[in-house]
Amino acid sequence: VQLQASGGGLVQAGGSLRLSCAASGRTFSRPVMGWFRQAPGKEREFVAAISWNGGMTYYADSVKGRFTISRDNAKNTVYLQMNSLKPEDTAVYYCAATSPTGWGTRSLADFGSWGQGTLVTVSS
């Protein structure tokens, strides 16, 4: 599967951005989709994940209440709406896919398909 993330950019603290991740090709059946991020000099970390039908989601504590993950399976696209952005949200954001058996995981190792990242920079 090919995952193409987009929508990153430069925004002031308190602002909003919406990231998109378009999927193409074959992937897991009914994949769980996730977003991760990697700040400069830090390890890649989990941000959010969403079930196949979009009915269930879970988030990292650091973004809960500010970020919303959603998906449109008709468009093979997953979104990450980011509100109330903080400078510490600055990172390269990646989308990834895993099988339904990976539901609930926050581990990079459990996600088998990755897209290239999109850079989000939040200025103070």
Query raised in the report: In terms of modelled amide H atoms, which long-range or inter-chain residues lie less than 5 Å from the amide H of Arg71?
Result: Tyr79
Query raised in the report: Got a sec? What order do Ser62, Ser99 fall in by accessible area at 1.4 Å, biggest, i.e. largest, first?
Result: Ser62, Ser99
Query - Sequence of Leu10, Leu85 when ordered by accessible area, the most exposed leading, probe 1.4 angstrom - result: Leu10, Leu85
Query raised in the report: Can you list the HN-Hα couplings for segment 86-103, worked out from phi with the Karplus curve (6.51, -1.76, 1.60; θ = phi - 60°), rounded to whole Hz and with x for Gly and Pro?
Result: 10, x, 6, 7, 4, 4, 8, 9, 10, 9, 8, 10, 9, 6, x, 5, x, 4
Report task. For the chain, compute Rh as the Kirkwood radius over C-alpha pairs and then the Stokes-Einstein diffusion coefficient at 4 °C and 1.567 mPa s; write the answer in µm²/s, rounded to an integer. Result -> 91
**Report entry** Solvent exposure of segment 3-124 as accessible area per residue, Å², 1.4 Å probe
**Finding:** 50
Query - Gap separating the Cα centres of segment 1-56 and segment 74-97, nearest whole Å - result: 5
Requested in this report: Label segment 9-73 by shape, choosing from rounded, prolate and oblate, from the square roots a ≥ b ≥ c of the eigenvalues of the Cα gyration tensor; if a/c is under 1.5 it is rounded, and otherwise prolate applies when a/b is larger than b/c, oblate when it is not.
Outcome: prolate
Report summary line: Filtering trypsin sites (Lys or Arg not before Pro) in segment 14-54 by DSSP loop and by at most 10 other Cβ atoms within 10 Å leaves Arg26, Lys42
Query raised in the report: Can you pull out the GluC sites (Glu not before Pro) in segment 16-91 that DSSP calls coil and that have at most 11 other Cβ atoms within 10 Å?
Result: Glu43
Report summary line: Full extension between Tyr58 and Ala39 adds, at 0.36 nm per residue less the Cα distance, a length in nm of 4.8 nm
Query - Using θ = phi - 60° and Karplus 6.51 cos²θ - 1.76 cosθ + 1.60, couplings along segment 37-49 (whole Hz; Gly, Pro as x) - result: 8, 9, 7, x, x, 10, 7, 5, 10, 5, 10, 6, 8
**Report entry** Accessible surface of the chain [probe 1.4 Å, protein heavy atoms]: carbon and sulfur percent
**Finding:** 48
Report task. Compute the distance in nm between two label points, each set 7 Å from the Cα along the Cα-to-Cβ direction, one at Ala22 and one at Gln2. Result -> 1.0
Query raised in the report: Short version: ³J(HN,Hα) in whole Hz for each residue of segment 2-10, in order, from phi by Karplus 6.51 cos²θ - 1.76 cosθ + 1.60 (θ = phi - 60°), x for Gly and Pro, what are they?
Result: 9, 10, 10, 8, 8, x, x, x, 9
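The values are calculated or read from the model by the stated rules, or taken from the named source; none is laboratory data. Everything quoted here is computed from the prediction, not taken from an experiment. Counting neighbours? That spans all protein chains shown, and the Cβs are built from the backbone with ideal geometry, glycine included. Remember, those area values only see protein heavy atoms, side chains included, never the ligands or the DNA or RNA. Shrake-Rupley method; radii C 1.70, N 1.55, O 1.52, S 1.80 Å.
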